[in-house]
1. By average Cβ neighbour count within 10 Å, what is the ranking of 125-134, 64-73, 35-44 from highest down?
2. Which angle between 0 and 90 degrees, to the nearest 10, do you get for helix 144-159 versus the longest principal axis of the chain when only C-alpha atoms count?
3. Do any of Lys74/Lys112; Lys66/Lys112; Lys66/Lys152 go past 23 Å between their Cα atoms, and which?
4. Are any of the pairs Lys82/Lys136; Lys31/Lys82; Lys109/Lys134 more than 32 Å apart by Cα-Cα distance, and if so, which?
5. Could you give each residue of the stretch 34-48 its phi-based ³J(HN,Hα) in whole Hz, using Karplus coefficients 6.51, -1.76, 1.60 with θ = phi - 60°, and x for Gly or Pro?
6. Could you tell me how many degrees, from 0 to 90 and to the nearest 10, lie between the Cα long axis of helix 56-75 and the main elongation axis, the longest principal axis, of the Cα atoms of the chain?
7. Calculate what fraction, in whole %, of the accessible area of the chain sits on carbon and sulfur atoms when a 1.4 Å probe is rolled over the protein chains.
8. At 1.4 Å probe radius, can you tell me the per residue accessible area of the chain in Å²?
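The values are calculated or read from the model by the stated rules, or taken from the named source; none is laboratory data. Worth saying up front: this structure is predicted, and the values here are computed from it rather than measured. Please note: Cβ atoms are built from the backbone with ideal geometry, for glycine as well, and neighbour counts cover all protein chains shown. Calculation scope for accessible area: heavy atoms of the full protein, side chains included, ligands and nucleic acids excluded. Shrake-Rupley method; radii C 1.70, N 1.55, O 1.52, S 1.80 Å.
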Amino acid sequence: RPAEFDNLIDNTIKNLVGYKFGQRPVTYLTKFLRQMTYRGFLGLNPGSALRNLSQGINTYAVLGEKYTTIGYLKLFSRGAIKELTEEGIFSHGFIQDKVLSSSRTAMEKIDKGLFAFFEGAERINRGSAYFGAKSKALAQGKSLPEAIEYAKSIVRKPQFSFGSIDT
């Protein structure tokens, strides 16, 4: 929520140029700067990706040592990526905070390459959480469909979702 000072600046700009920059002109005008900062800190930054891998501790807190380890081991087994893709663990609803339109800008197209390290870390975090939780659910006697749903819920818990409501 904007503070009183934010509203004062926005109203001053709107008095000068109208609603050319929308309801929140400061937000509109600083968008480029915020995007460049975001890209600079995360894009092509292996350090950020490595720090992101530390979120595995969140999975450990939920699943424990045994199933977190099983999750990492199964992540690197044959067919793992295919299953994760089919179950939607790598889908936009899990990883990205918005779906970009087909008319996205050139810079947004470049983002896919810029964030390769970070997205790779996200895939490792989510994949290991999924397989660890699925193994735990199956060990508790749940059916395969129940285990898959349980695993998806666990991925959302320690590894977070990035939808507009979750944000």
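1. Details: 125-134: 27.0, 64-73: 17.2, 35-44: 13.5.
Top of the packing list down: 125-134, 64-73, 35-44.
2. In the chain, helix 144-159 runs at an angle near 40 degrees to the longest axis.
3. Working: Lys74/Lys112 26 Å; Lys66/Lys112 34 Å; Lys66/Lys152 18 Å.
In this structure, Lys74/Lys112; Lys66/Lys112 lie more than 23 Å apart at Cα.
4. Numbers: Lys82/Lys136 20 Å; Lys31/Lys82 36 Å; Lys109/Lys134 34 Å.
Over 32 Å Cα-Cα: Lys31/Lys82; Lys109/Lys134.
5. Karplus values, whole Hz, x for Gly and Pro: 5, 5, 5, 5, 4, 5, x, 7, 10, x, 6, 10, x, x, 5.
6. Once rounded, one gets 60 degrees.
7. The nonpolar share, carbon plus sulfur, comes to 61 percent.
8. Each residue of the chain exposes 64 Å² on average to a 1.4 Å probe.
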